[in-house]
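Below is one structure, written out as structure tokens; the observations come after it.
Please treat every number below as a calculation from the coordinates, not as lab data. Here the structure is a predicted model, which means the values were calculated and not measured. Heads up, the Cβs are rebuilt from the backbone with ideal geometry, glycines too, and the neighbour counts pull from every protein chain shown.
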Amino acid sequence: MVANSASSCVFCQIARSSTSTTLIYNDERVVAFQDINPSAFRHYLVVPVEHIPTVKDLKRRTEGHLLVSHMLNVGQTLLQRDAPGPRVHRFGFHQPPMNSVNHLHLHCLALPFIPRWKRLKYLSLGSLGGFIEADKLLDKIKPST
């Protein structure tokens, strides 16, 4: 990581509470907040405090699986609290080149998509990248035993 890239990263600034963004969750490893441009009934982002650019950088990290598991647990807890009931919840990451911010972030979505066309941003494009569900990413980065 280049120090300059982290200092100019908006998600690093949010994680350090250097912005007016309201955190809905924080601990020593992650912070969570509402997406500035929500795509669903509820749309939260869970972001690691440490600057990790993309999902591709997780493969080089032995603790990547633990971090993503923690991010998913936080996101599930928040949506169960704030959007309970029969709603469909989706959790996942955009993969390069489809990611909009080069800081790892988990999208936590309580559907429906609003407006409906925003669902297109959350399609898997197979080998081209796109959106990867959190459970599929966990399978991909599972430590070998």
### Message
At a 4.7 angstrom Cβ threshold, list every cysteine in the chain that has nobody to pair with, or say none.
### Response
Cys108
### Summary
Plugging the Cβ-Cβ distance of Lys59 and Ser8 into 1/(1 + (r/R0)^6) at R0 = 22 Å yields, to the nearest 0.05, a FRET efficiency of 0.35
### Query
How high is the FRET efficiency between Lys142 and Ser100 when r is their beta carbon distance and R₀ equals 25 Å, given to the nearest 0.05?
0.40
### Query
How far apart, in nm, are the 7 Å Cα→Cβ label points at Leu120 and Asp135?
2.8 nm
